[in-house]
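**Student:** Got a structure for you, written out below as structure tokens; questions coming shortly.
Please treat every number below as a calculation from the coordinates, not as lab data. Here the structure is a predicted model, which is why all the values come from computation and not from measurement. Cβ: placed from backbone, ideal geometry, glycine included. Neighbour counts: every protein chain shown.
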Amino acid sequence: MSSIPNTALYRKLPSTDELLRQAAIRVFTEREGVAAVGDAIRAVLERLRAEIADNRLDEDSLELVITGLPDAIERELRRALRYSLRPVINATGVILHTNLGRAPLGADALAHIRETAAAYSNLEFNLDSGERGNRDVHVDRLFKKLFQEYGGAGASPLLAEDVGTAISTIVVNNNAAAVLLALNSLAEGGEVIVSRGELVEIGGSFRIPDVMSKSQATLHEVGTTNRTRIADYEQAITERTRLLLRVHRSNFAITGFTEQPAVAELVELARRRNVPLVEDLGSGALLDLREIGIGNEASVFDSLRAGVDVVTYSGDKLLGGPQAGLITGRSDLAAGMRANSLFRALRVDKLTYAALEATLLAYVKHDHGAVPVLRMMHSSKDEIGVRAEALASRVSSAAKTPAAKLKLELIDGESVIGGGAAPTAVLPTRLIALSHQEHSADELCDRLRKSDPAVIARVEDGRVLLDLRTVFPGQDAAVVEILNSLT
């Protein structure tokens, strides 16, 4: 093993121009272009200089590395030119994981996006009249059908005759935009009354008071953090009051010595004082979550049936569709929002409409299994346990010997909804618990995250936990392959 000064090792490195003239490298430049290949070469050479500086390379090992430069440059090219935004395997058990893109879309939604994106469409063109149309019609018709079907007898006076046609739905780019548009349209220059206990921060440091300030409406807080009564709202109403706002505490819960007016009380006050009631539901469930054991999470239908004038909610949370802010409410109020110039700045594109239309059609057809979020929420602990056992059995038998480095164990656990929805609700599940003789739980989790595809897991009690509730069945084989690489 020879040893020469670092300066001499640096001189042995080929230059970028020398490498670009090599036949093997010219193949890359013909395929990817000189600029991209040049950047890849410089990145590889910079790493080698760093290794020389750290005394990690001697003359013999450097010679070996130089012979393999074309392969290293090709790997760097693939890394540099791959998409930054790419799929990962969500094994956290958090169904609506905000950092991982919240609700994944179903196959029908993806197909509709593809056909809409690949050609021209009738986004704002009325095929019957041959004139300009309204982009809202593609989903508003489905919302009307859904609310008409589920409204039924016993609806509030506002919606008594026909729930479907008494209301309308507007689509903007997220729920914060929906709240902004509603407040600006209905309360600009006036006051909005809201409970102090509902002045929430909704993630990314976006706070309800800040959204209200941008809407040009004035916040009028009532009550206290833990207790607000209906009398607090009534006493605060003046000639400057434009609306009452109720905000769903989507990412936390207040327990103990608390009080909050029921929706029915707020509806009665709003009717009596002729002030619209807006409810920011945030999560936007269209199904009764009590079916899967989750209570205290009002659906959009619950609010509309109770007589709330306008409900705002998200498209990519419990609804299971694309990122969008949805505003459902009285048609006359919706018309005012559509006429607001702010609506154009906040509207969504054809791809969002395509994904949302396909998702809503699944609801209309009662094909809830076509919506991944709903399918995940309805998966039972036993179903997940069967999958977990099957997956674990496919991990290399080397992991099952007494001397195995990787240890797998099936244990009981809990999944969560996430995404600021049902903050106190949990779903029973079965977990694959991993430990490794040579790596800590954090190191093991890091290796999973750096695999291809990346597996995102969670660490508890010194072990890495994988929850298959949020892993698509078609991803099981990839998880097995990655786990086998760790044995």
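**Student:** So how strong a dipole does the chain carry about its Cα centre when Lys and Arg Cβ are +1 and Asp and Glu Cβ are -1, to the nearest 20 debye?
**Tutor:** I would put it at about 300 debye.
**Student:** Using the beta-carbon distance between S213 and E389 and R0 = 41 Å, what value does 1/(1 + (r/R0)^6) give for FRET efficiency, to the nearest 0.05?
**Tutor:** E between S213 and E389, to the nearest 0.05, is 0.15.
**Student:** Right, here's the next one. Could you work out how far apart the two model spin labels at T98 and A23 are, taking each label as a point 7 Å from the Cα in the direction of the beta carbon, and quote it in nm?
**Tutor:** 5.7
**Student:** Express in nm, to one decimal, how much length is gained between N484 and K365 on full extension, taking 0.36 nm for each residue of separation and deducting their alpha carbon distance.
**Tutor:** 38.7 nm
**Student:** What's the angle, to the nearest 10 degrees (0 to 90), between helix 34-53's Cα axis and the longest principal axis of the chain?
**Tutor:** The angle comes out near 70 degrees.
**Student:** Relative to the longest principal axis of the chain, what angle (0 to 90°, nearest 10) does the C-alpha long axis of helix 69-81 take?
**Tutor:** Computed tilt is about 10 degrees.
**Student:** If you don't mind, there's one more thing I want to ask. Only counting other Cβ atoms within 10 Å, I'd like I66, I113 sorted with the fewest neighbours first.
**Tutor:** Going from least to most buried by this count: I66, I113.
**Student:** What FRET efficiency would be calculated for the residue pair R141, R375, taking the C-beta separation as r and a Förster radius of 30 Å, to the nearest 0.05?
**Tutor:** 0.75
**Student:** Using only Cα atoms and rounding to the nearest 10 degrees, what angle (0 to 90) does helix 263-273 make with the longest principal axis of the chain?
**Tutor:** Helix 263-273 sits roughly 50 degrees off the main axis of the chain.
**Student:** Let me ask another. Using alpha carbons only, what's the Rg to Rh ratio of the chain with Rh from Kirkwood?
**Tutor:** Taking Rg over the Kirkwood Rh, I get 1.08.
**Student:** Count the DSSP beta bridges whose two residues both fall in the chain, then state the antiparallel fraction as a percent rounded to the nearest 5.
**Tutor:** If we restrict to bridges inside the chain, about 60 percent are antiparallel.
**Student:** Quick one: grab Rg to one decimal and Dmax as a whole number for region 219-347, Cα atoms only, in Å.
**Tutor:** In order Rg, Dmax, the Cα atoms of region 219-347 give 15.5, 45 Å.
**Student:** Rank these for me by crowding, Y313, Y353, going from fewest to most other beta carbons within 10 Å.
**Tutor:** Y353, Y313
**Student:** Right, something else. Could you give me the radius of gyration and the Dmax of region 6-81, taking only the C-alpha atoms into account and expressing both in angstrom?
**Tutor:** 12.3, 36
**Student:** Can you sort T359, T224, T116 from fewest to most other Cβ atoms within 10 Å of each residue's own Cβ?
**Tutor:** Starting with the residue having the fewest Cβ neighbours, the order is T224, T116, T359.
**Student:** At a 10 angstrom cut-off on C-beta neighbours, averaged per residue, how do the peptides 177-183, 452-458 rank from highest to lowest?
**Tutor:** The packing order, highest mean first, is 177-183, 452-458.
**Student:** Less than 17 Å apart at the alpha-carbon level, and either on another chain or at least 8 residues along: which aspartates and glutamates does that give for K350?
**Tutor:** Cross-link targets: D108, E115, E124, D136, D140, D316.
**Student:** What's the center-to-center distance, using Cα atoms, between region 1-60 and region 413-469 in Å?
**Tutor:** If you average the Cα positions of each part, the centres end up 39 Å apart.
**Student:** Taking amide H positions as placed 1.01 Å from N in the peptide plane, with prolines and chain starts having none, which residues 5 or more places from T218, or on another chain, fall under 5 Å of its amide H?
**Tutor:** G189, G190, E191, V192
**Student:** Taking the square root of 5 times each eigenvalue of the Cα gyration tensor, what semi-axes in Å does the equivalent ellipsoid of region 315-373 have, largest first?
**Tutor:** Over the Cα atoms of region 315-373, the semi-axes work out to 25, 13, 9 Å.
**Student:** Hey, another quick one. Extent of region 107-370 along each principal axis, from alpha carbon coordinates, in Å, largest to smallest?
**Tutor:** Its Cα atoms span 55, 42, 41 Å along the three principal axes.
**Student:** Run lengths n ≥ 4 of DSSP H only: what is the helix-derived mean residue ellipticity at 222 nm for the chain, with -39500 (n - 2.57) per run over all residues, to the nearest 500?
**Tutor:** Calculated from helices alone, the mean residue ellipticity at 222 nm is -12500 deg cm²/dmol.
**Student:** Taking Rh as the Kirkwood radius computed over C-alpha pairs, what is the Stokes-Einstein D of region 377-484 at 4 °C in a medium of viscosity 1.567 mPa s, expressed in µm² per second?
**Tutor:** 90
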